[in-house]
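I have placed the structure first, in the form of structure tokens, so that the comments after it can refer back to it.
The values are calculated or read from the model by the stated rules, or taken from the named source; none is laboratory data. Keep in mind that this is a model prediction, so the values were computed, not measured. Methodologically, a virtual Cβ is constructed for each residue, glycine included, from the backbone with ideal geometry; neighbour enumeration extends over all protein chains shown.
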Amino acid sequence: MVETRYDAVVIGAGFAGLSATALLAQQGRRVLLVEKSARLGGRAAYIERDGFVWQYGQHSHRLAGNGIAARVFDTLGEPIDFIDTRGNTAYLYLDGRIHPRPEGIAGFLGTSLLPFTARLDFLRFYRRLLKADPNAWYDRTLLDFYRERGGNAYVERFLGFVGFTVMVTDPARVSAGEVIQFLQRAVKAPVKQGEPRGGSKQIIVKLETAVRRYGGHIHAPERVEEILVERGTAVGVRTDHACYHAEKVVFAAPLPGLFKIVPSSLFQPSFVEYVTRIRPSRGVSIDFVFDKPVTDITGGILGVDIPLWVKFQSHIDATVAPPGKCVNTWAMLMDPEVPATAEQADVAEARIKGLMDELLPGSTGKIIRQRRLILPVVNANMLVTEQSYPHRPPIVCPEVNHLFFIGDTVQSEGCSGDIAFSSALRLAKLL
Ligand SMILES: Cc1cc2nc3c(=O)[nH]c(=O)nc-3n(C[C@H](O)[C@H](O)[C@H](O)COP(=O)(O)OP(=O)(O)OC[C@H]3O[C@@H](n4cnc5c(N)ncnc54)[C@H](O)[C@@H]3O)c2cc1C
């Protein structure tokens with residue numbers, strides 16, 4: 001077996017592991033990143049085939065240049081190249097129709113989505129969210145927050161949409177604190193959603209390039225089979241190829257996978273119980289290919305009371321499809337309480353196609369190819385009250401010295417991929 005010594009070994013090359021490896025290598029650390037798959041990127045990996053860039057679903061970066069992902073790339077000296085989407089109109093789907101998505105106070109005052117008195121009530125609620133202290137609300141739901149000052153059936157229909165901003169559409173489960181902290185950052189940002197040119201390919205290629213430029217090492221495919229722990233201190237990893245000794249070991253994958261490579265007996269029972277109970281969100285995502293555009297919408301569609309999101313990918317970025325072809329991605333969250341099976345995905349697909357034909361009549365008949373992805377894990381940590389910021393495990397493992405956790409299941413700011421990026425930034429400051 002090969003024996004090599006590093007300052008840090010990072011397990012998993014998703015957003016978190018790639019970012020942390022690049023940031024640590026930039027600081028001059030000798031870092032090794034080990035990824036079990038031949039493809040880098042984890043849940044944001046992509047493949048290029050037949051002239052298409054097929055992404056694993058569709059990835060945007062909240063708040064574009066003002067967001068957390070952008071902070072990583074700015075630190076690495078390789079800013080993300082975002083597409084200028086100003087002028088693209090986004091839509092909301094409600095009651096069988098799409099409506100222009102209201103933006104800001106003026107947008108909500110003028111929207112036809114709500115009766116006038118409900119608009120005023122919604123704006124009062126929105127202002128309260130912007131002024132609230134997230135720390136006081138992590139353990140309570142958005143529905144609790146809204147009902148504290150009365151209720152309005154029209155506005156309550158919208159609460160699922162407000163929760164959708166952090167990818168939990170059940171207002172009786174989503175943590176109000178998570179929604180508050182996101183909206184308070186979002187309100188200050190001029191662009192709410194950043195679309196990287198070339199999709200997640202740009203992100204993964206830039207991170208891999210940064211790792212190599214700063215002298216980091218990547219081994220893929222190579223699976224970590226064991227985190228080596230001696231007298232309560234992590235000292236390296238054993239993989240299916242070799243043993244690597246390291247000063248620090250960083251687990252950069254969803255925490256429920258941790259006990260496959262290190263005994264749970266090393267940790268406090270409360271941590272083990274929390275980790276084994278972590279709930280992800282689930283979904284289905286379908287890329288539909290057409291010979292011609294079936295709509296001129298560029299800004300996407302979001303469901304108000306159904307967890308639907310639609311991206312007309314090649315309309316905003318022609319580089320993801322070969323000339324003469326269009327790709328639209330339709331995705332839907334599935335019930336998080338039941339496993340993501342093919343039968344569940346069939347139901348979601350039928351619903352998606354029904355909606356497609358309702359909104360863009362005749363479009364399903366023009367599909368020339370489709371790729372369906374069943375997504376057992378979209379966000380590895382749903383931002384429900386019991387998995388909100390204060391409850392997530394810290395980056396520094398309290399029980400095993402020199403062991404660290406990053407990725408979208410740990411205690412770091414943001415939601416979805418932003419948790420992964422912010423945890424990598426925090427780790428790089430800590431080490
Ligand atoms: C379809 C879809 C759409 C999404 N859209 C968005 C979006 O628009 N915006 C957003 O912010 N977020 C989005 N997300 C969420 C985002 O993709 C994730 O939050 C993010 O990718 C998580 O990154 P990570 O590094 O924490 O984990 P992962 O991407 O899961 O990476 C973990 C890596 O660890 C590797 N690994 C695990 N065990 C081992 C082992 N023993 N040895 C070696 N390697 C190992 C895995 O193979 C994997 O590559 C989306 C997710 C999906 C699925």
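Checked against the criterion of being more than 23 Å from residue 419 (Cα to Cα), part of a helix (DSSP H, G or I), without any contact (Cβ under 8 Å) to a residue 60 or more places away in the chain and not β-branched (Val, Ile, Thr), the range 281-304 has no qualifying residue. Of all residues assigned to the range 93-109, none qualifies as being within 16 Å of the ligand (Cβ to nearest atom), part of a loop (DSSP other than H, G, I, E, B) and either under 26 Å from the mean Cα position of the chain (by Cα) or buried (at least 22 other Cβ atoms within 10 Å of the Cβ) (or both). Being within 16 Å of the ligand (Cβ to nearest atom), farther than 19 Å from residue 58 by Cα, in contact (Cβ under 8 Å) with a residue 60 or more places away in the chain and among the aliphatic types (A, V, I, L, M) is a description that does not apply to residue 320.
Among the candidates 149, 119, 157, 124, the residue that is over 28 Å from residue 392 (Cα atoms) and in a loop (DSSP other than H, G, I, E, B) is uniquely 149.
Within the range 255-290, can you find the residues that are surrounded by fewer than 18 Cβ atoms within 10 Å (Cβ to Cβ), touching a helix residue (DSSP H, G or I) at 6+ places or on another chain (Cβ under 7 Å) and either of a type in the set (Gly, Ala, Ser) or within 30 Å of residue 325 (Cα to Cα) (or both)? Answer for the range 255-290, where residues must be surrounded by fewer than 18 Cβ atoms within 10 Å (Cβ to Cβ), touching a helix residue (DSSP H, G or I) at 6+ places or on another chain (Cβ under 7 Å) and either of a type in the set (Gly, Ala, Ser) or within 30 Å of residue 325 (Cα to Cα) (or both): just 264. Among the criteria (1) more than 14 Å from the ligand (Cβ to nearest atom); (2) assigned to a loop (DSSP other than H, G, I, E, B); (3) crowded, with 19+ Cβ neighbours inside 10 Å, the one residue 78 does not fulfil is (3). Would you call residue 245 in contact with a strand residue (DSSP E or B) (Cβ under 9 Å, 6 or more places away or on another chain) and within 11 Å of the ligand (Cβ to nearest atom)? Answer is no for this residue.
Taking the range 27-67 as the region of interest, the strands (runs of 3 or more DSSP E) fully inside it that hold 1 or more residues being farther than 30 Å from residue 247 by Cα are 46-49, 52-55. Total residues in the range 243-254 satisfying the condition of being closer than 15 Å to residue 400 by Cβ and surrounded by fewer than 22 Cβ atoms within 10 Å (Cβ to Cβ): the figure is 1. Tally up the residues in the range 179-189 that are in a helix (DSSP H, G or I) and in contact with a helix residue (DSSP H, G or I) (Cβ under 7 Å, 6 or more places away or on another chain), please. Matching residues across the range 179-189 total 5. Kindly establish whether residue 15 is away from the ligand (no atom under 12 Å from the Cβ), surrounded by 19 or more Cβ atoms within 10 Å (Cβ to Cβ) and outside the structural domain of residue 287 (by TED's automatic domain parsing). When the stated conditions are applied, residue 15 does not pass them.
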